[in-house]
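Structure first, commentary second.
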Amino acid sequence: MASIRKRTLPSGKTAWLVDYVDQAGKRRAKQFATKREADSWMVTARAEVRDGIHSVDRESITVEKAGDLWIERCEADGLERTTLNAYREHLKLHIVPRIGATKLSRLTAPAVAAFRDQLVEDGRSTSMVRRVMVNLGAIVANAQRSGLVAINNVRAGGRAKRGKREKTKVEMPTKAELKAMLTAAKSGRENALVMTALLCGLRGSELRGLQWDDVDFKQMQLSIRRRVDRYGVFGLPKSEAGIRDIPLSGALALVLKEWKLACPKGELGLVFPNGAGNVESHNNLLNRLFGPLQIRAKVVTMRDGEDAKGNPIKIAEPKFGLHALRHAAAALWIEQGLNAKRVMTLMGHASIEQTFDVYGYLFEARGEDATAMDSIASSLLS
């Protein structure tokens with residue numbers, strides 16, 4: 001039941017008051033400046049009460065407060081430190097500055113869509129917008145479970161639009177650059193790590209967490225069961241799909257067998273440890289191994305700089321990060337005819353949409369992967 005009545009305020013101005021009963025049976029009231037606003041709101045409120053999704057502004061919390069509660073829940077659930085830090089960063093940099101003061105009851109589908117579009121207009125990448133929107137949805141879902149909001153409108157906000165300056169293709173080395181890097185590899189460690197990253201498509205965290213027990217030379221496969229975060233802490237792969245088995249080519253198996261003989265020994269049995277046999281840091285892999293390797297292979301970008309006397313010079317810098325080898329692996333698999341489902345599995349993607357979002361433009365052929373691994377290795381090493 002709901003009704004509208006005219007009210008004269010102490011100031012002498014006229015207001016319109018909507019009296020109604022919410023889905024919990026509690027009498028509520030909301031005031032408006034015009035009868036038209038009151039009528040419009042009452043129609044919406046009646047429908048929401050009927051459907052059990054009405055949220056009362058007065059009792060609603062802000063998005064910022066809901067975000068804090070979500071972080072507390074994530075901490076209680078024991079999420080990894082790197083994951084928690086990423087969540088906090090998304091809240092601090094992207095969500096709170098734009099809609100932190102907005103009450104959850106006013107986070108309508110159009111408001112969510114406007115927030116998403118603002119992220120794109122501000123130059124955020126498609127992948128970043130997607131992650132922020134997923135986190136916002138999780139924030140509202142957590143509040144909904146706690147009875148702090150009746151409906152989660154984030155999904156109704158739609159998908160993120162691609163910005164005008166958004167790149168449609170990921171950056172990755174060409175075959176010529178890959179061959180140059182493999183040729184420039186001086187040590188068994190360099191060769192083994194680059195080939196494993198390239199032929200198996202592993203993430204840097206998965207490479208750092210790889211153990212010799214995960215390498216099965218009899219079955220000719222490599223098992224991904226864990227990863228190591230930036231703090232050197234072991235954990236499960238990024239998603240359930242990250243737990244996977246990847247075929248080994250004969251060439252890579254030979255390289256790994258040779259590297260195993262020289263690999264520093266440690267209690268963890270890591271395939272790519274530091275000199276003491278412990279977990280290697282991601283920065284060391286980049287700055288002491290993959291970066292210098294690219295410099296020697298002349299896979300570089302040039303930037304302006306100065307010498308010791310202040311004279312202008314060109315400085316060569318490594319062109320790619322370690323993740324570029326993972327992209328190259330996917331491209332090589334697709335070139336060999338592996339279908340999207342197989343590439344998704346080998347990459348450890350959580351969904352086929354993720355695979356198509358990143359590599360959709362590369363799918364021009366379809367096929368099976370019976371001889372793909374050996375064909376890829378042969379094309380790079382011949």
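The values are calculated or read from the model by the stated rules, or taken from the named source; none is laboratory data. If you're wondering where the values come from, they're calculated on a predicted model, not measured in any experiment. Note that each Cβ is placed from the backbone with ideal geometry, even for glycine, and that neighbours are counted across all protein chains shown. Remember, those area values only see protein heavy atoms, side chains included, never the ligands or the DNA or RNA. Shrake-Rupley method; radii C 1.70, N 1.55, O 1.52, S 1.80 Å.
The ellipsoid equivalent to the alpha-carbon distribution of the chain has semi-axes of 54, 23, 20 angstrom, derived from the gyration tensor eigenvalues as √(5λ) and listed largest first.
Here the dipole of the range 204-338 is about 180 debye; that uses its Cα centre as origin and unit charges on the Cβ of Lys and Arg (positive) and Asp and Glu (negative). P(r) for the range 79-156, from all Cα pairs and a bin width of 5 Å, is 3, 16, 26, 28, 18, 9, 2 %, short bins first.
Filter the chain for me: DSSP H helices, axial length by Cα at least 27 angstrom, mean Kyte-Doolittle hydropathy not below -0.5. List them by residue number.
Details: long enough: 126-145 (28 Å, 0.42).
Helices passing the filter in the chain: 126-145.
Identify, among L210, T355, G137, the residue whose Cα sits farthest towards the positive end of the charge dipole of the chain, taking +1 on the Cβ of Lys and Arg and -1 on the Cβ of Asp and Glu, with the dipole about the Cα centre. Farthest towards the positive end: G137. Estimated from the Cβ-Cβ distance and a Förster radius of 56 angstrom, the FRET efficiency linking A262 and A101 is about 0.45. Straight Cα distances below 18 angstrom link K169 to the aspartates and glutamates E177, E335, E353, D357, E364, with same-chain residues fewer than 8 positions distant left out.
Partner lysines whose Cα lies under 26 Å from the Cα of K26, excluding those fewer than 8 positions away in the same chain, are identified as K6, K35, K65, K103.
How long are the three semi-axes of the equivalent ellipsoid for the range 248-382, computed from the Cα gyration tensor as the root of 5 times each eigenvalue, in whole Å, largest first?
31, 24, 15
Each DSSP beta bridge with both residues in the chain is either parallel or antiparallel, and the antiparallel ones are about 95%.
Could you provide, to the nearest whole Å², the per residue accessible area of the chain with probe 1.4 Å?
Ligands and nucleic acids excluded, the figure is 54 Å² per residue.
Take the range 256-314, drop everything but the C-alpha atoms, weight them equally and run the Debye formula without solvent; then report log10 I(q)/I(0) at 0.14, 0.21 Å⁻¹ to two decimals. Debye curve over Cα of the range 256-314, log10 I(q)/I(0) at q = 0.14, 0.21 Å⁻¹: -0.59, -0.89.
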